[in-house]
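Right, one structure below, let's go through it.
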Amino acid sequence: MKQLVRITPSHASGTVLLPPSKSEAHRALIAAALSRIPCRVYPIDCSADVEATIGALQSMGFSLEWMGREVVSGGTGKYQKPSGTVTVDCGESGSTLRFMLPLCAALGISATFIGRGRLADRPLDTLIDLLSSHGVKVEGQKLPLTLTGRLTGGVFRLPGNISSQYITGLMFALPLLEEDSRIQLTTPLESEGYIHMTVETLARAGIVLEPL
């Protein structure tokens, strides 16, 4: 039996909510956590990777709280670095792992990094070598690995074609150091859009990077 359907001209109306960028969310959450004043990040979609970044920041001593589709940070005015060694669970998020490693190092937090799935197979050699050459002791070459000591400033040389996540992690970490620092790329930069995203996030938080 055939069913007839009548279609008549009409004008569509309503509201479409676009899903927020997960890459933007990682960066905004870190900037909010490091801010000295209370901040809110909105809108945030609940995903395993974003939850991993929030959990990692909380384990590092930052005050972050889910409130509906937003995350509220209490600011670092009363921030206390955790005593002893904390566990930073990165889930399966490569962004969380590569952003938090230099951030933990810059804050002098002793931490054991863990993860699940294929995260242990993600390369970290270049980042580990950089941290090790700037005052940080890293035990292990893949997850789980333990980080102790505090990052010192200086020149951080790394290829631009390995991972923009290494560069982003350093861009968040280096402004926390007492010494001036410089990121020097030894090969042309790839994934340039992600670096611009980090620069814009830092600028909104009041951190201006000076190109050389």
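The values are calculated or read from the model by the stated rules, or taken from the named source; none is laboratory data. All values reported here derive from a predicted model rather than from experimental measurement. Ideal geometry is used to build each Cβ from the backbone, glycine not excepted, and the neighbour counts take in all protein chains shown. Note: areas computed on protein heavy atoms with side chains; ligands, DNA, RNA excluded. Shrake-Rupley method; radii C 1.70, N 1.55, O 1.52, S 1.80 Å.
Rg/Rh, computed from the Cα trace of the chain with Rh as the Kirkwood radius, has the value 1.09. Protection proxy ranking for 38-50, 181-193, using the average of other Cβ atoms within 10 Å per residue and placing the highest first: 38-50, 181-193.
When a 1.4 Å probe is rolled over the protein heavy atoms, the share of accessible surface on the chain that falls to carbon and sulfur comes to 52 percent.
The residues of the chain present an accessible area of 57 Å² per residue when probed at 1.4 Å with all protein chains retained. Return the whole-Å distance between the Cα centroid of segment 63-108 and the Cα centroid of segment 1-24. So the separation of the two Cα centres works out to 39 Å. Here Lys137 is the anchor, and the lysines within straight C-alpha reach of less than 30 Å, apart from those fewer than 8 places off in the same chain, are Lys78, Lys81. Highest mean packing first, where packing is the average number of other Cβ atoms within 10 Å per residue, the peptides 62-70, 196-204 line up as 196-204, 62-70. Along the axis of the charge dipole computed for the chain (Cβ charges of +1 for Lys and Arg, -1 for Asp and Glu, origin at the Cα centre), the listed residues Ser73, Thr15, Thr126 are led at the positive end by Thr15.
Evaluated with a Cβ-only charge set (Lys, Arg +1; Asp, Glu -1), the chain carries a dipole of roughly 480 debye about its Cα centre, given to the nearest 20. Let me have the relative contact order for the chain, percent, based on Cα pairs under 8 Å that are six or more residues apart. Relative contact order of the chain: 16 percent. Under 18 Å from a point 7 Å along the Cα-to-Cβ line of Thr187: which residues of segment 149-164 have their amide N that close? Taking a point 7 Å out along Cα→Cβ of Thr187, the residues of segment 149-164 whose backbone N falls under 18 Å are 156-164.
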